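The values are calculated or read from the model by the stated rules, or taken from the named source; none is laboratory data. Just so we're clear, the structure is a prediction, and the values are computed from it rather than from any experiment. Every residue, glycine among them, receives a Cβ derived from its backbone with ideal geometry; neighbour counts consider all protein chains shown.
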Amino acid sequence: MKQILRAIALSAGLIAGASAGTATAQDYPTDTIKFIIPYAPGGGTDAAAAVFSDRLSQLLGQPIVKENHPGSNSVIGTALLAEAKPDGHTLMVVTAAIANNPSLYANLPYDTDELVPVSILTSYPFVLGVRSDLPFNNMQELIDYAKANPGELTAGTSGRGSAAQLALGLLNETAGIEIREIPFKGAGESLNNVAGGFVDMVFSGYETVRPFAESGKMKFFAHTGTEPLGTEQIPPIAATVEGYEYLNWLALVAPPGTPTEITGKLNEALSQIFAEQEVKDRLASQNIQGVASTAEEAKTYLTQEMATSKAIIESIGLQPQ
Amino acid sequence: MELLSNLDIGFHAALSLNNLVFCFIGVLVGTAIGMLPGLGPLATIAMLLPLTYTLEPVTGLIMIAGIYYGAQYGGSTTAILVNLPGESSAVVSCIDGHQMARKGRAGAALAIAALGSFFAGTVATLLIAAFSPALAEVAFLFGPVEYFAMMVLGLTAATLLAHGSFIKGVAMVLTGLILGLVGADVNSGTYRFTFGSFSLTEGIEFVAVAMGLFAFTDIVTNMRNDQTTREVKAPSLRSLTMTGKEFRQSIFPAIRGTSIGSLLGLLPGGGAMISSFASYAFEKRVSRHPEEFGHGAIAGLAGPEAANNAGAQTSFIPMLTLGIPSNGVMALMIGALMVHNISPGPYVMVSNPEIFWGLIASMWIGNAMLVVLNLPLIPLWVRLIQVHYWVLFPIILVVCCVGLYSIQNNTLAIYFAAGFTLLGCLFWRMRAEAAPLLLGFILGPLMEEHFRRSLLLSEGDVSIFYRSPLSVLMLSIAAVMCLIILLPQIRQGRKVAFEEEA
Amino acid sequence: MIFKSNGQADVEAGLFFAGFGILTAALSLQYSLGTIAMMGPGMFPLILGVILAILGLVILAKGFMGKGEQAKPLPIKPILLITASVIVFALLLLTVGLLFAIPAQVVVALWASEHFTWKRALLLSAGLLAFCYGVFVYFLGISVPLIAI
């Protein structure tokens, strides 16, 4: 019964608090904090946000609610954030997509440079999940096969401008091979199609590929980072294709004009959370690296990533529209 | 027997007081959400998900599952009573269910829906318990080609929903397909028909289309004469319960619907959605009185209601056994598991049997709760729609509009509902039925996606569509169905030169 | 009237479908068509538009042949007022707030009915305001302004 009471108390907390506070930054937070998730409910970003949002809510003493606003490679959610009050009560958890979008869309409804990155939360490589009946078991064999049979292999991606598309484009470019891109609506669908044998491979997070590998429908023998990964010690693609690296990341972003007192307070709480052993273990089991950078580091990182993405996007021939 | 011992573990877990209470909260919230227009189960569960983090994993899952099938149930209730399909799966229930209500059989319609759903839920739960691991593999037989064939089959079935002219049904499906294409194109990311609006990049809101074409149009056409004589008959005690004849008439459709739903529910991406109208089309074909369909045929309600619930239940199978989400709600359940450090996948059954079997047992308990909760409420619902129409229609309008706003915190959807009201009235004047349009609207983007993906994979070789036996089978069934519909129409068309309906 | 079949439902339906099909086909030409192997975003809508236009013409021809059903007479006043009530709500919701949007919608909608009285409109508005505020704002936490000005 205690659980029930706790749940009801929590839900009451979620519901309360619609009044707009005009308190100063020192008192922050004075109200419910809203996390915009610019993706459909149930995606990887939701799960990752769950890792730290409960603890963050405890540390800051205010409930945190999530709102999913999916669409257009996170543009819709970001546009909502850009219009929100810069009082730290509306924040957004977003992936590397935010750095890709300026090179993909000619008329973004916001200015990426004006957004205030609070922290780079995590960073993680993609695992290359390959249909298990294909006749190669390491990266070199895959490249040799692709060179001998140009245009035969296919890879599922999550559509235009998705991180998986960039990872694939970069591989084709650096290894000099041609793996055809088959766009899907999301990682889930492309994973199913690889498992069913309709598509040959997919770049996706470790945790999403693992169940398929366990049931024998897929194998993984490479990932997009630079060091051997996890308990399986999966070798990086860079060991075969020199210079190949693609990392996806999650960032916490605030609306334009958010004061540094607020981002500082958030950073302090975040670095405390990411130092906790339980959080570390949870991230490690999914092969995710906890970062929890400062706001300045996040800003530098975002600028840098925007330049890198721009180069990749141009090299694979995508035009802004 | 292993099955029995497994179910024993399951019921042991599900029957704890805590789990029962949360199962009840889940179905209650779900029913309410399903009846309110706008907010669907996906948005509700996303909002309530943080609440479940504080619960035991199995308790959290039981509550989410309760919301999911409770919402399906609530959606059917408003579809029958006020012709308002809150969920895509309830579109079909509008057709004959609402007609029954207009003939004074609202009580019977609700009872048929409740008992049909319960029957389907029971059978599907047993199926999950007995065969999940084997059935899970079915999902992997379906690639882009097979999905495309399934969409063709589904849309052919959709034209059967109309009881008027077949060719107008096809035209309505096509209109729906086109409207469904608005938004970002999956392959190239190009925005089509959005006219520069970022809010349209995800397409036109389904709920806005459904409200405009069904509920609002219905309000207008109800008002054309004198509102006091709306075609709902006064309640009598008899009208609240089902007659023995109605019960017998619903048995076989419910069994057939359950089979169709259980099978299609296994397929991720649209399977469960197609099941209700596949069942409708099937019932219309096998019926000895196909002319009753569209005018309150019992089989046209019992079959789809059972199919829809069975499909909702078996869509858990890929999630539970393989860790693959077949729809948004399943994806959220996977998220809920991962928060508790349980990795979804083939090993959950072995490593956490109390979660796996507890959830399955709770589905049956939840379905039983829905029946117990809703059967006594039927007289209340029936009285509710018999209040004066001038009270009822402003309520429908206002609640729908607030609901539309709540979907994206945006008034655009409300304007669209207004536009679709005008369009709905036009269709009503032209005697073109809206149900096929709505189904085309839902399936259009999926159909295009799979069609283009198939050709992308085959590098433009169209023979890919007849190299897969499954695809050939489904396309042939669709072709045969078209022939069966068209032949008598052509023959009839020659015989009957002039025909006018009063 | 030249055609005695002017009141035919099929004539109007045919014109509508043909028009909508042609419009779709025309609009889809602004997007790239691509090839069979790599279809562009314009191909599928173009195909659908053309088929719909052809079907529309067939329905139109059927209508001119004079068989089939009469079009139903449209109730003009309810159509305009019900649609207007929805638009009024959308217009007022964010500019003046829920407190005014709901009564405005109720009044306009109820006007379509013969049972309009100010007392009824007032009572309905009050009840709906309480219900919508309680359910959507209080329980579901939807952020909608009660008073926006």
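List of remarks:
- Of the residues screened, C:ILE82 is one that is of a type in the set (Val, Ile, Thr), surrounded by 15 or more Cβ atoms within 10 Å (Cβ to Cβ), under 30 Å from B:GLY164 (Cβ atoms) and in contact with a helix residue (DSSP H, G or I) (Cβ under 9 Å, 6 or more places away or on another chain).
- Counting only helices (runs of 4 or more DSSP H) wholly contained in segment C:1-96, the ones carrying 1 or more residues that are among the small types (Gly, Ala, Ser), farther than 25 Å from B:PHE216 by Cα and within 7 Å of another protein chain (Cβ to nearest Cβ) occupy C:43-64.
This table checks each residue for (1) within 8 Å of chain B (Cβ to nearest Cβ); (2) more than 22 Å from the chain's Cα centre (by Cα).
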{"position": "A:GLU152", "(1), (2)": "no, yes"}
{"position": "A:GLY156", "(1), (2)": "no, no"}
{"position": "A:SER162", "(1), (2)": "no, no"}
{"position": "A:ALA175", "(1), (2)": "no, yes"}
{"position": "A:GLY197", "(1), (2)": "yes, yes"}
{"position": "A:SER204", "(1), (2)": "no, no"}
{"position": "A:PRO211", "(1), (2)": "yes, no"}
{"position": "A:GLY216", "(1), (2)": "no, yes"}
{"position": "A:THR224", "(1), (2)": "no, no"}
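- Verdict on B:PHE142 being touching a His at 6+ places or on another chain (Cβ under 8 Å), under 27 Å from B:ASP461 (Cβ atoms) and buried (at least 24 other Cβ atoms within 10 Å of the Cβ): no
- Listed by position, the helices (runs of 4 or more DSSP H) inside segment B:380-485 whose residues that are more than 7 Å from every other protein chain (Cβ to nearest Cβ) and over 26 Å from B:PHE277 (Cβ atoms) number at least 2 are B:389-408, B:464-467.
- Flag if B:TYR68 is of a type in the set (Ser, Thr, Tyr), on the phi < 0 side of the Ramachandran plot, away from chain A (no Cβ under 14 Å) and under 18 Å from the mean Cα position of the chain (by Cα): no
- The C-beta contact set for segment B:438-459 (first residue touching a residue at least 60 places away in the same chain (Cβ under 8 Å), second residue of a type in the set (D, E, K, R), distance under 8 angstrom, 6+ apart or interchain) comprises B:GLU449/A:LYS185; B:LEU456/A:ARG180.
- Test: residue in segment A:178-190 that is touching a residue at least 40 places away in the same chain (Cβ under 8 Å) and under 18 Å from B:GLU449 (Cα atoms): yes
- Per this entry, B:VAL91 is not counted among residues that are at pLDDT 85 or above and either more than 25 Å from B:LEU337 (Cβ to Cβ) or in contact with a Leu (Cβ under 7 Å, 6 or more places away or on another chain) (or both).
- Pairs are defined by a Cβ separation below 8 Å, a sequence spacing of at least 6 or placement on different chains, a first member in segment B:177-191 that is under 19 Å from A:ALA187 (Cβ atoms) and in contact (Cβ under 8 Å) with a residue 60 or more places away in the chain, and a second member that is assigned to a loop (DSSP other than H, G, I, E, B) and of a type outside the set (Lys, Arg); the pairs so defined are B:VAL186/A:GLY159; B:VAL186/A:PHE184; B:ASN187/A:GLY159; B:ASN187/C:PRO41.
- Residue list for segment A:55-72, restricted to those being among the small types (Gly, Ala, Ser) and either crowded, with 17+ Cβ neighbours inside 10 Å or within 19 Å of the chain's Cα centre (by Cα) (or both): A:SER57, A:GLY71, A:SER72
This table checks each residue for (1) among the basic types (Lys, Arg); (2) surrounded by 21 or more Cβ atoms within 10 Å (Cβ to Cβ).
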| position | (1), (2) |
| --- | --- |
| A:LEU134 | no, no |
| A:ASN137 | no, no |
| A:ILE143 | no, no |
| A:LYS147 | yes, no |
| A:PRO150 | no, no |
| A:GLY156 | no, yes |
| A:LEU166 | no, yes |
| A:LEU171 | no, yes |
| A:GLU178 | no, no |
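Residues are listed down the side, and each one gets a yes or a no for (1) in contact with a helix residue (DSSP H, G or I) (Cβ under 8 Å, 6 or more places away or on another chain); (2) more than 30 Å from A:ASP27 (Cβ to Cβ); (3) at pLDDT below 90:
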| residue | (1), (2), (3) |
| --- | --- |
| A:THR90 | yes, no, no |
| A:ILE98 | yes, no, no |
| A:ALA106 | no, yes, yes |
| A:VAL116 | yes, no, no |
| A:LEU121 | yes, no, no |
| A:VAL127 | yes, yes, no |
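- Selection within segment C:22-59 - in contact with an Asp or Glu (Cβ under 7 Å, 6 or more places away or on another chain) and surrounded by fewer than 21 Cβ atoms within 10 Å (Cβ to Cβ): C:ALA37
- Scanning segment C:104-122 for residues that are within 7 Å of chain B (Cβ to nearest Cβ) and in a loop (DSSP other than H, G, I, E, B) returns C:ALA112, C:SER113, C:GLU114, C:HIS115.
- Candidates in segment B:367-379 are the residues that are among the aliphatic types (A, V, I, L, M) and without any contact (Cβ under 8 Å) to a residue 40 or more places away in the chain; of these, the one that is nearest to the other protein chains (Cβ to nearest Cβ) is B:LEU377.
- Hits in segment C:106-120 - residues which are buried (at least 17 other Cβ atoms within 10 Å of the Cβ) and under 12 Å from B:VAL391 (Cβ atoms): C:VAL106, C:ALA109, C:LEU110, C:SER113, C:ARG120
- Within segment B:144-175, the set of residues being under 25 Å from B:SER454 (Cβ atoms), within 10 Å of chain C (Cβ to nearest Cβ) and not polar (S, T, N, Q) comprises B:VAL170, B:VAL173, B:LEU174.
- Residue identified as surrounded by 21 or more Cβ atoms within 10 Å (Cβ to Cβ) and within 28 Å of B:SER458 (Cβ to Cβ) among A:PHE221, A:PHE212: A:PHE212
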